[in-house]
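Asks: Let me begin by handing over the structure; questions about it come next.
The values are calculated or read from the model by the stated rules, or taken from the named source; none is laboratory data. Keep in mind the model is a prediction, meaning the values are calculated, not measured. Note: ideal-geometry Cβ built from the backbone for every residue, glycine included; neighbour counts use all protein chains shown.
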2 protein chains.
Amino acid sequence: MFDNKENTGLDKLGEFGLIDLINKSIEIKEESTVKGIGDDAAVIQHGGKQTLISTDLLLEGVHFDLRYVPLKHLGYKAVQVNLSDIYAMNGIATQITFSIGLSSKFPLEAVEELYAGAILACKKYNVDLVGGDTSASKQGLVISVTSIGYADSSAVTYRNGAEEGDLICVSGDLGGAYVGLQLLEREKQIFLENPNIQPDLEGKDYIVERQLKPEARRDVVQLLKELQIKPTSMIDVSDGLASEVLHLCKQSSKGCRLYEEKIPIDQMTYDTAREFGLDPTVCALSGGEDYELLFTIKQSDYEKIKGDLDISVIGYIMEENAGCNLISKSGNLYPITAQGWNAFN
Amino acid sequence: MFDNKENTGLDKLGEFGLIDLINKSIEIKEESTVKGIGDDAAVIQHGGKQTLISTDLLLEGVHFDLRYVPLKHLGYKAVQVNLSDIYAMNGIATQITFSIGLSSKFPLEAVEELYAGAILACKKYNVDLVGGDTSASKQGLVISVTSIGYADSSAVTYRNGAEEGDLICVSGDLGGAYVGLQLLEREKQIFLENPNIQPDLEGKDYIVERQLKPEARRDVVQLLKELQIKPTSMIDVSDGLASEVLHLCKQSSKGCRLYEEKIPIDQMTYDTAREFGLDPTVCALSGGEDYELLFTIKQSDYEKIKGDLDISVIGYIMEENAGCNLISKSGNLYPITAQGWNAFN
């Protein structure tokens, strides 16, 4: 993957050299950043707002496969995944810390690519990179991101506020990231069997990007503010719609009903799922990594949101004993199960 | 190390089961914690104070060796190391996030030990554990800790505020953690060569604890407040005195002079270093992991601090062109070099 002859060994640069180099490519622009990289801790001041904080750990071989994930995309995605958690609280992200552990097999240029992606995501979302840790790793690449944001205390949206009769909404479309992953996995297998065959991803840009370069939905938080809608509960779709809606229902002590026909699935996602012999609805329910926002609103807010093409109303909240069910296109009722994701299998 | 017959496989529990289990052992006590584990992000409110944030990544085989580090100590130390950065800003730590990546070779009981250590450290230092991420790892154990704290904006102490004539002070004693590590490494080698020989650490508790179970110096922050001393600069000793004093001087654009005879070294550290054929002063300068606080104060504050047995005045700040030098016990002058630590060698 890397041409070592032309690259710079990290062993020559050392940790402090690497930090200096990273620091030079970072600008501080967020007003609440009092102090960024270069001291024992970053200093942030959010006045009377509530501070939000979220953290993710991404490990090579578990969360990403460097055989088809470009490092710049990986840096970009690592930031997006984390910002998405702040938006899922109805907050605005303002800072991140970005830590990496990497083995000496990675040349400096690889680290620069990774940070270039992270910094691009920060710029695009008006977020300051204010700290982190760089470390040697005996094994693969390790990335840890923590994001910090704020919200008025009256705006912060938890998972536990859904009420009976509330409408269940989701932004964008679902299942694309999972189908994109299947495509990348197939091309990887073909490449491993015959390295002369070039990957065939033509015309599949949308779903490949959904997997490699997701965009956190800050715009949805802004839209809700403009429409003067305070969601009653909210979560981001990282593990799949089924798992997320069950989180909202469990934490709110409620049940729900979803309509299969209302679940937004992009046409390319649908067609490609079919090519792979997959049920597109299952991809949306269990695929994950779409980083859309799933939220509930009061029925009285429906008029404000119904014209927005980017928000789909996919069901409603019921009392707890009703359970969590999906009404299929054929009109049958199926219990929603937490296929979720068991990292230890 | 683990008896798998009696232990619980993590694969049976799953990620959500593991989070539930961790959550049950955590109490929220810090007033500024609005919301802890269980949503997309923790919510923290620090009023008009400045929020401090610091993060560390700890990787198996680089930062710790599970052949002699008990998991409970590791969890404890991972938290201490991170809190130390908040204290080094002259702030009070209030929350942490604690993330782990671990392979399925670890039974549930191992994870519980790790968290038990982390939670013990939180309790002892009045810090809330408010979030984190748990993940599978293909290889070794990965720990990522982020700590959050606060301080009045007038109290926050950066690395760059040292002025010519300021006194250089350090808390506690130095070099012990490094000498403790040498001891543990020696016993590991003996054990690897002959597993029937029991480790001989008798009477060496102090230096072994300095390595395995360091204590971040929150008490020094409190002491400085009581004495009404605002340090002009401060850093924690993680990489060794030499590296840290050079950080203060570089960021303050100053030089310094340290006196070898003033560097606080515990008697057991001194004697054990000698046993290993090591120069105790070099252990203090380059050993690292002591997690003491190194800070500078105005000369006018000397009277307030001189009676405190736990604080040593070890030198003073000079103008930049004077360079950074150590006066040896024999009266010679040696330039201080950043032996620091090059993680990629």
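Asks: Please work out which residue is modelled with the highest pLDDT, limiting yourself to the stretch A:177-194 and to residues that are part of a helix (DSSP H, G or I) and over 20 Å from the mean Cα position of the chain (by Cα).
Replies: Selected residue: A:186.
Asks: Ok, one more. Pairs please, first residue from the stretch A:219-237 and within 14 Å of another protein chain (Cβ to nearest Cβ), second anywhere and assigned to a helix (DSSP H, G or I) and aliphatic (A, V, I, L, M), Cβ atoms under 7 Å, 6+ apart in sequence or on different chains.
Replies: A:231/A:224; A:233/A:248; A:235/A:248
Asks: Return yes when residue B:147 is in the same structural domain as residue B:127 (by TED's automatic domain parsing) and under 24 Å from residue B:237 (Cβ atoms) and no when it is not.
Replies: yes
Asks: Since residue A:166 meets every condition but one in (1) surrounded by fewer than 23 Cβ atoms within 10 Å (Cβ to Cβ); (2) on the phi < 0 side of the Ramachandran plot; (3) away from chain B (no Cβ under 14 Å), which condition does it not meet?
Replies: Among (1) surrounded by fewer than 23 Cβ atoms within 10 Å (Cβ to Cβ); (2) on the phi < 0 side of the Ramachandran plot; (3) away from chain B (no Cβ under 14 Å), residue A:166 violates only (1).
Asks: When you scan the stretch A:39-47, do you find a residue that is assigned to a strand (DSSP E or B) and either among the hydroxyl-bearing types (Ser, Thr, Tyr) or within 21 Å of residue A:221 (Cα to Cα) (or both), even just one?
Replies: No, every residue in the stretch A:39-47 fails to be assigned to a strand (DSSP E or B) and either among the hydroxyl-bearing types (Ser, Thr, Tyr) or within 21 Å of residue A:221 (Cα to Cα) (or both).
Asks: Quick test for you: out of B:230, B:204, B:254, pick the one residue that is more than 26 Å from residue B:331 (Cβ to Cβ), out of contact with any Gly (no Cβ under 8 Å at 6 or more places or on another chain) and outside the structural domain of residue B:81 (by TED's automatic domain parsing).
Replies: Exactly one of B:230, B:204, B:254 is more than 26 Å from residue B:331 (Cβ to Cβ), out of contact with any Gly (no Cβ under 8 Å at 6 or more places or on another chain) and outside the structural domain of residue B:81 (by TED's automatic domain parsing), namely B:230.
Asks: Of all the residues that make up the stretch A:83-137, how many are over 18 Å from the mean Cα position of the chain (by Cα), crowded, with 21+ Cβ neighbours inside 10 Å and part of a loop (DSSP other than H, G, I, E, B)?
Replies: 4
Asks: Just a yes or no: is a residue in the stretch B:70-78 modelled with pLDDT of 90 or more, touching a Pro at 6+ places or on another chain (Cβ under 7 Å) and not aromatic (Phe, Trp, Tyr)?
Replies: yes
Asks: If you don't mind, there's one more thing I want to ask. Give me a count of the residues in the stretch B:89-124 that are among the β-branched types (Val, Ile, Thr) and in contact with a Cys (Cβ under 9 Å, 6 or more places away or on another chain).
Replies: Residues meeting the conditions: 1.
Asks: Criterion first (in contact with a helix residue (DSSP H, G or I) (Cβ under 6 Å, 6 or more places away or on another chain) and among the aromatic types (Phe, Trp, Tyr)) does residue A:291 satisfy it?
Replies: Yes; evaluated as a whole, the condition is true for this residue.
Asks: Of the residues that make up the stretch A:43-58, is at least one surrounded by 15 or more Cβ atoms within 10 Å (Cβ to Cβ), under 30 Å from residue A:190 (Cβ atoms) and at pLDDT 85 or above?
Replies: Yes, the stretch A:43-58 has at least one match.
Asks: Quick one: in the stretch B:133-147, of everything that is within 7 Å of another protein chain (Cβ to nearest Cβ) and either in contact with a helix residue (DSSP H, G or I) (Cβ under 8 Å, 6 or more places away or on another chain) or farther than 17 Å from residue B:77 by Cα (or both), which residue is modelled with the highest pLDDT?
Replies: Looking at residues that are within 7 Å of another protein chain (Cβ to nearest Cβ) and either in contact with a helix residue (DSSP H, G or I) (Cβ under 8 Å, 6 or more places away or on another chain) or farther than 17 Å from residue B:77 by Cα (or both), I get B:146.
Asks: Can you name every residue in the stretch B:230-269 that is closer than 23 Å to residue B:83 by Cα and among the β-branched types (Val, Ile, Thr)?
Replies: B:232, B:235, B:237, B:245
Asks: Would you kindly identify the strands (runs of 3 or more DSSP E) lying entirely within the stretch A:238-345 that contain at least 2 residues that are within 14 Å of another protein chain (Cβ to nearest Cβ)?
Replies: Counting at least 2 such residues, we get A:293-297.
Asks: Residue B:197 versus (1) aliphatic (A, V, I, L, M); (2) assigned to a loop (DSSP other than H, G, I, E, B); (3) touching a strand residue (DSSP E or B) at 6+ places or on another chain (Cβ under 9 Å): which is the lone unmet condition?
Replies: For residue B:197, the exception is condition (3).
Asks: Out of all the residues in the stretch A:28-68, which are more than 12 Å from chain B (Cβ to nearest Cβ) and free of Cβ contacts under 8 Å to residues at least 24 places away in the same chain?
Replies: A:31 - this is the single residue of the stretch A:28-68 that is more than 12 Å from chain B (Cβ to nearest Cβ) and free of Cβ contacts under 8 Å to residues at least 24 places away in the same chain.
Asks: In the stretch B:213-236, which residues are among the hydroxyl-bearing types (Ser, Thr, Tyr) and surrounded by 24 or more Cβ atoms within 10 Å (Cβ to Cβ)?
Replies: Scanning the stretch B:213-236 gives a single hit, B:233.
Asks: Only residues that are more than 18 Å from residue B:300 (Cβ to Cβ) and over 21 Å from the mean Cα position of the chain (by Cα): list them for the stretch B:198-235, please.
Replies: Passing the criteria: B:198, B:199, B:200, B:201, B:202, B:203.
Asks: Then there's this: Any residue in the stretch B:209-218 that is farther than 20 Å from residue B:159 by Cβ, touching a His at 6+ places or on another chain (Cβ under 6 Å) and either outside the structural domain of residue B:114 (by TED's automatic domain parsing) or not charged (D, E, K, R) (or both)?
Replies: Yes, the stretch B:209-218 has at least one match.
Asks: Condition test on residue A:280, is it in contact with a Phe, Trp or Tyr (Cβ under 6 Å, 6 or more places away or on another chain) and either modelled with pLDDT of 95 or more or under 26 Å from residue A:232 (Cα atoms) (or both)?
Replies: Judged against the criteria, residue A:280 is a match.
Asks: If you check residue A:207 against the conditions, is it in a loop (DSSP other than H, G, I, E, B) and either of a type outside the set (Ser, Thr, Tyr) or free of Cβ contacts under 8 Å to residues at least 40 places away in the same chain (or both)?
Replies: No.
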